[in-house]
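The structure appears right after this line, and notes come after that.
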Amino acid sequence: MKKLILSLFILILLTGCVCIESASVDEIVKSALQSKYSLYNHVNRGYKYYLPRELTVSESEYRNEVLKSKYYDYYLYVDLVRYNKKVTEKVEEKNNLYYSKLFEHDGKVGALHIKEIESDDYLILASYHYASIEVRVRKRDINSAVANIMVILSSIQYNDKVIENLLKEDKLNSTDESVDVFDDDLKREDYLDVGNHEEEDSSYYDPDIIN
């Protein structure tokens, strides 16, 4: 019953405002950020968030998780060190991309970048509130992937006490290396795998996020 209620809330949250399949990327981002619900169904050490029903957690560490859909792998990274230190997040738009835009909500800043790697092959990177997600998808699945990403990032809640203990135990206070997946010098083999996507199965959808 609880899972059903959560699914209905997410359905109302997004599809009540925008139809994912026909919406613009801007509309999807805005709809997720303006959600009034604080729901979660997945808990990790130091944070929790809402995981759309289409996705499952296949690998999990307390700062990194791999989330799998039917066709794609989403890579989640949560920067507990920068969150704990309340380091000001720096985001910027990038030139010559298929899509690149900054967004802000309730004092939190974020960025969404979509880069065309080759025909019908796109790399999506979004960052918001000390977390980021990367996924590589076909063009027709950009909207649903962006919706999945924004549901997760906008629903992340942190547990300050648990994070403090984690940082003390594991001495994570060293500066982490920042990797820019949109660096033009990266070779194609450095990008995430897009996975197999059969044409006859392209009509799949997640009722949590797609109308």
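Read-outs: derived from the displayed coordinates by stated rules, not from any lab. What you are looking at is a predicted structure, and each value in this text was computed from that prediction instead of being measured. In this analysis, Cβ positions are derived from the backbone assuming ideal geometry, glycine residues included, and neighbour counts consider all displayed protein chains.
Data for the structure
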{"quantity": "Greater than 27 Å apart at Cα, pairs in LYS115/LYS161; LYS85/LYS108; LYS70/LYS139", "calculated": "LYS115/LYS161"}
{"quantity": "Spin-label zone in region 25-54 - amide nitrogen under 11 Å from a point set 7 Å from the Cα of LYS101 along the C-beta vector", "calculated": "25-31"}
{"quantity": "Gyration tensor verdict on region 43-162 (Cα atoms; rounded if a/c is under 1.5, prolate if a/b is larger than b/c, oblate otherwise)", "calculated": "oblate"}
{"quantity": "Ranked TYR128, TYR75, criterion: other C-beta atoms within 10 Å, fewest first", "calculated": "TYR75, TYR128"}
{"quantity": "Vicinal HN-Hα couplings computed from phi for region 65-74 (Karplus, 6.51 cos²θ - 1.76 cosθ + 1.60; Hz; Gly/Pro x)", "calculated": "9, 10, 10, 10, 9, 5, 10, 10, 10, 9"}
{"quantity": "Separation between Cα centres of region 40-107 and region 121-143, rounded to whole Å", "calculated": "10"}
{"quantity": "Vicinal HN-Hα couplings computed from phi for region 118-133 (Karplus, 6.51 cos²θ - 1.76 cosθ + 1.60; Hz; Gly/Pro x)", "calculated": "7, 3, 6, 9, 10, 9, 10, 10, 10, 9, 6, 6, 6, 9, 9, 9"}
